[in-house]
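Worksheet: one structure, shown below.
The values are calculated or read from the model by the stated rules, or taken from the named source; none is laboratory data. Quick caveat, the model's predicted, so the values are computed rather than measured. Backbone-built Cβ (ideal geometry, glycine too); neighbour counts: all protein chains shown.
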Amino acid sequence: MNDSLLLEVRDGIATLTLNRPAALNALDGSMKDALVETVPAIESDPKVRVVVIRGAGDHFMAGGDLKGFHGRLDQDPEVKRRHFAQTINRLHPVIVSLRRMPQPVIASVSGAAAGFGLSLMMAADLVVAGDNASFTLAYCRIGTSPDGGGSFHLPRIVGLRKAMEIALLGDSFDAETAARLGLVNFLVPAAKLEAETAKLAARLAAGPAEALARTKALLRQSLDNGFEAQLQAEADNFAACAASADFAEGVRAFVEKRKPRFGQS
């Protein structure tokens, strides 16, 4: 990992900080390499119960590094095609890992979330945004189409018609609009973003890790499963959870009228 991505693990919470604040945390080669190295490793780390993704400074991520794009404009078209295909394909394991990992993933968004930044945000399970946040898919502004799973997540979150508007027009919209569309779960004053994100992360970290992981997986796969297949998946996962120590603790705590202490065994 390099300085363009910072990782801190504390109390079961892994915080990934996109760290190019002078460039609005735009995605460049060094950040891409760090994400590819770090995110899949977190997925398999049993000590991590929750993942938070945030941006250093005033912004989440303003998309790809257009200065780097500009340096390739004079290349042969086929050379450019190969380069960008390889670059984008290399990032796919990051998005897949965020969706697949058992840990709940929180995006904590301040300022701009544009282009790949918005795609990255949509791959998270929950989004906390400051009231200073702004959003745009932006790809059409530079004459290209979305990547990073943006075209997959957007219509599933906001509906096809609204997704067409956001993607084809490339207009910016504010945090209140994003919350109304379901892109943001929790809208908070910008000054309280860090504290509110930490509170949510701590709440999830104190929860029943296996049950939350299975719930996340069930919800993700429900978008592709038929109804009967989903019913069977629910039964299988409930039964697996019922065999866990957290289930026993949760039931005992309910009967004893106390707060459960998950993950103690």
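Does Ala123 satisfy being within 19 Å of the chain's Cα centre (by Cα), surrounded by 15 or more Cβ atoms within 10 Å (Cβ to Cβ) and in the same structural domain as Phe69 (by TED's automatic domain parsing)? Show your work before the answer.
Working: within 19 Å of the chain's Cα centre (by Cα): yes; surrounded by 15 or more Cβ atoms within 10 Å (Cβ to Cβ): yes; in the same structural domain as Phe69 (by TED's automatic domain parsing): yes.
Spelling it out, Ala123 is indeed within 19 Å of the chain's Cα centre (by Cα), surrounded by 15 or more Cβ atoms within 10 Å (Cβ to Cβ) and in the same structural domain as Phe69 (by TED's automatic domain parsing).
Here's the yes/no breakdown for (1) polar (S, T, N, Q); (2) more than 21 Å from the chain's Cα centre (by Cα):
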residue: Ala198; (1), (2): no, no
residue: Ala213; (1), (2): no, no
residue: Ser222; (1), (2): yes, no
residue: Phe227; (1), (2): no, yes
residue: Ala235; (1), (2): no, yes
residue: Ala239; (1), (2): no, yes
residue: Ala245; (1), (2): no, yes
residue: Gly250; (1), (2): no, yes
residue: Ala253; (1), (2): no, yes
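Inside the stretch 156-206, can you point out the residues that are assigned to a loop (DSSP other than H, G, I, E, B) and among the aliphatic types (A, V, I, L, M)?
Let us first name the residues in the stretch 156-206 that are assigned to a loop (DSSP other than H, G, I, E, B), namely 159, 170-172, 182-185, 189, 206.
The answer is Leu183, Val184, Ala206.
Collect the residues in the stretch 62-111 that are within 28 Å of Leu187 (Cα to Cα) and not aliphatic (A, V, I, L, M), keeping them in residue-number order. Across the stretch 62-111, the qualifying residues are Gly63, Gly64, Asp65, Ser97, Arg99, Arg100, Pro102, Gln103, Pro104, Ser108, Ser110, Gly111. Of the residues screened, Arg180 is not one that is surrounded by fewer than 17 Cβ atoms within 10 Å (Cβ to Cβ), closer than 20 Å to His153 by Cβ and not assigned by TED's automatic domain parsing to the domain that holds Gly150. Can you tell me which residues in the stretch 216-229 are in a helix (DSSP H, G or I) and surrounded by fewer than 16 Cβ atoms within 10 Å (Cβ to Cβ)? Listed by number, the residues that qualify are Leu219, Arg220, Gln221, Ser222, Phe227, Glu228, Ala229.
May I ask you to list the residues in the stretch 9-58 that are among the basic types (Lys, Arg), in contact (Cβ under 8 Å) with a residue 60 or more places away in the chain and part of a strand (DSSP E or B)? Before the answer, list the steps.
First, pick out the residues of the stretch 9-58 that are among the basic types (Lys, Arg): 10, 20, 32, 47, 49, 54.
From the residues that got through so far, the ones that are in contact (Cβ under 8 Å) with a residue 60 or more places away in the chain too are 49, 54.
Within the stretch 9-58, just Arg54 meets the criteria.
Only one of the numbered conditions (1) of a type in the set (S, T, N, Q); (2) farther than 29 Å from Asp11 by Cα; (3) surrounded by 13 or more Cβ atoms within 10 Å (Cβ to Cβ); (4) not assigned by TED's automatic domain parsing to the domain that holds Ile13 is violated by Gln232, and that is (3).
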